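Q: One structure follows; several queries about it will come next.
The values are calculated or read from the model by the stated rules, or taken from the named source; none is laboratory data. Model, not experiment: these values are computed from the prediction. Reconstructed Cβ throughout: ideal geometry from the backbone, glycine too, with neighbour counts over all protein chains shown.
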Amino acid sequence: MNEFSLSALPPMQWLARRLFLAAAATALADWLFVDRAGLGLSLALFLAAIGLLTILANPVRANMRLRIAAAAALILALLAIVEDVSWLSLLVATGTTLMFAQVTTFGDRGVWPSQLRRACSLPFVGPFWLIGDILRARRLSRSRRKMVRPAGTLIAWIAPIGLFLIFLSLFAMANPVIDEWVRLLDPRRGFELISTMRILFWMMIACLVWPFVHLRRPREPAQRKTPASATPKDDGALLGADAVLRSLVLCNALFAVQTSLDVAYLWGGLALPHGLTYAAYAHRGAYPLMATALLAAGFVLMAMRSGGPAETSRHIKPLVLLFVAQNFMLVLSSLFRTGLYVDAYSLSELRLAAMIWMGLVAFDLLVITVQIAARKSNKWLLNANALALAATLYLCCFLNFPHIVASYNVTHCAETSGAGPALDIDYLLSLGPQAIPAYDRYVRLYAERAGRRPPREESFARVAVADIEWRSWTFRGWRLKRYFDTNPKGATPTSDDASGK
């Protein structure tokens, strides 16, 4: 049984209502995005409209608690777009909108990974669902159509429309205001605004929003019956208890060597081999060690899975806990290495993101320890890690990475602190307008060493446009605009700075 047969409306009327909603969303997108300066509030409003469209066009099967939770999550995600439009905030807001549509329409049916997978497919199935729904509605309409000729209905509209047009023309001749309105309704003016790119944009938006005006019920997966006498699967010699036990012994020994070297060289201050600097030692190992920790975490999950080798050997669990502890030390070592490299070569957005990722991996290892000690399932571990990842990504949407990096480098450069690396001005300016306040502080203190100023005029123009055009307004851009209003001429060197004192 399909959605058409469940609906009380005739198929073509059902289709017409959803086509109208899709057309309204397309018109809204045209008004918000076409020939505009940039993205900002416009994107948040459009995603909110998509959420509202989903509720209006589809039956809401979620209970009240789930509805409130989904609505709160959507509002929080849209706040990330209002703060600033970036690839990360776009990912968070779009993903939350997709999950909102999936959860409110179908409730908590199925586990969240399968719901997320179906939600992520929605932006790509629009053209196929749209064509399929049109063909299906026409086919069902023909099978249900009653032999009633619509000629009488059409004829009944001739007199009202004719009288309306006659009186409209008379009023236009008598009233200049109405005459101007009629001229504005000239269809030729509309054709002048339509271009090929605009038509393609309309088609793309219509295909994107169609899955939200008609969310299809997911197919129920076939239930596999497991015999009552089923026994845990034997992984054989390759992944059996003996293989896992030997792997843990060898890996723990190897990790102990690596940890000992880090303790000796990084924390103990032991002299490195000739020609090797601490910065080079730190930089060479930071990222490979993170890959090692991730691989080790996967090995731990394999060893401690339900029905796995850990249930047949009492030696595996303590070795796994030791292995996790050594991996935790490995992550701390990677963080320390990255810190040493930052001290030698300054901070960058990539290094800051790497440190956040390292902290997330360290949290994952702690959660694995809790899982093993409390005998939690892998599903619990997956949910905990997914929640931590979502929270981290969301919080990062509100971190002004260019400003943080620029401020740190200005504060810790050789020109201002007397130690550390020289300020890389070219990299600082490549961070964009958000780095200008930090650069102004640098110029104000050491103008004679800066050599040149950033392109303040171009940056100011960008923020000014965003402030004038409300559709591209963001809270971060507004804060920068306030800074420009307060400091219209940028940094002005003092007399002491100019003299080099």
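Q: Going by the conditions given, is residue 342 on the phi < 0 side of the Ramachandran plot and buried (at least 18 other Cβ atoms within 10 Å of the Cβ)?
A: Numbers: on the phi < 0 side of the Ramachandran plot: yes; buried (at least 18 other Cβ atoms within 10 Å of the Cβ): yes.
Answer is yes for this residue.
Q: Within the range 83-125, how many residues are of a type in the set (A, V, I, L, M), closer than 18 Å to residue 55 by Cα and free of Cβ contacts under 8 Å to residues at least 24 places away in the same chain? Show your work before the answer.
A: First pass over the range 83-125, keeping only residues of a type in the set (A, V, I, L, M): 85, 88, 90-93, 98-99, 101, 103, 111, 116, 119, 122, 125.
Okay, now just the ones that are also closer than 18 Å to residue 55 by Cα, so 93, 98-99, 101, 103, 119, 122.
The next check asks that each one be free of Cβ contacts under 8 Å to residues at least 24 places away in the same chain; those that pass are none.
Adding up the residues that qualify gives 0.
Q: Which members of the range 374-390 meet the condition of being exposed (fewer than 14 other Cβ atoms within 10 Å of the Cβ), closer than 16 Å to residue 304 by Cβ and either modelled with pLDDT of 85 or more or of a type outside the set (Gly, Ala, Ser) (or both)? Give the derivation first.
A: Step one: list which residues in the range 374-390 are exposed (fewer than 14 other Cβ atoms within 10 Å of the Cβ), which gives 374-375, 377-379, 386-387, 389.
Going one step further and asking which of them are closer than 16 Å to residue 304 by Cβ, we end up with 374-375, 377-379.
If the condition is that a residue be exposed (fewer than 14 other Cβ atoms within 10 Å of the Cβ), closer than 16 Å to residue 304 by Cβ and either modelled with pLDDT of 85 or more or of a type outside the set (Gly, Ala, Ser) (or both), then 374, 375, 378, 379 are the ones that fit.
Q: Residues in the range 464-501 that are modelled with pLDDT under 55, farther than 22 Å from residue 31 by Cα and assigned to a helix (DSSP H, G or I): how many?
A: Residues flagged as modelled with pLDDT under 55, farther than 22 Å from residue 31 by Cα and assigned to a helix (DSSP H, G or I) within the range 464-501 amount to 5.
Q: Now, a different point. Any residue in the range 3-15 that is assigned by TED's automatic domain parsing to the domain that holds residue 113, modelled with pLDDT of 90 or more, not in a loop (DSSP other than H, G, I, E, B) and not aliphatic (A, V, I, L, M)?
A: no
Q: Return the pair list, or none, for Cβ contacts closer than 7 Å from residues in the range 403-414 that are in the same structural domain as residue 441 (by TED's automatic domain parsing) to residues that are assigned to a helix (DSSP H, G or I) and surrounded by fewer than 18 Cβ atoms within 10 Å (Cβ to Cβ), at least 6 apart or on different chains.
A: Sorted first by the residue in the range 403-414, then by its partner, the pairs are 405/349; 410/416; 410/441; 411/417.
Q: Oh, and also: Could you say whether any residue in the range 392-407 is modelled with pLDDT under 90 and within 22 Å of residue 335 (Cβ to Cβ)?
A: no
Q: Determine which single condition residue 75 fails, assuming it passes every other condition in (1) part of a helix (DSSP H, G or I); (2) crowded, with 18+ Cβ neighbours inside 10 Å; (3) among the aliphatic types (A, V, I, L, M).
A: Residue 75 satisfies every listed condition except (2).
Q: Checking the conditions here, which among 423, 330, 399 is without any contact (Cβ under 8 Å) to a residue 24 or more places away in the chain and not small (Gly, Ala, Ser)?
A: Answer to the check: 399.
Q: Where the second residue is of a type in the set (A, V, I, L, M) and modelled with pLDDT of 85 or more and the first is surrounded by fewer than 20 Cβ atoms within 10 Å (Cβ to Cβ) and assigned to a helix (DSSP H, G or I) and lies in the range 436-448, which pairs have Cβ atoms under 7 Å and are six or more apart or on separate chains?
A: Between residues of the range 436-448 that are surrounded by fewer than 20 Cβ atoms within 10 Å (Cβ to Cβ) and assigned to a helix (DSSP H, G or I) and residues that are of a type in the set (A, V, I, L, M) and modelled with pLDDT of 85 or more, the close pairs are 441/410.
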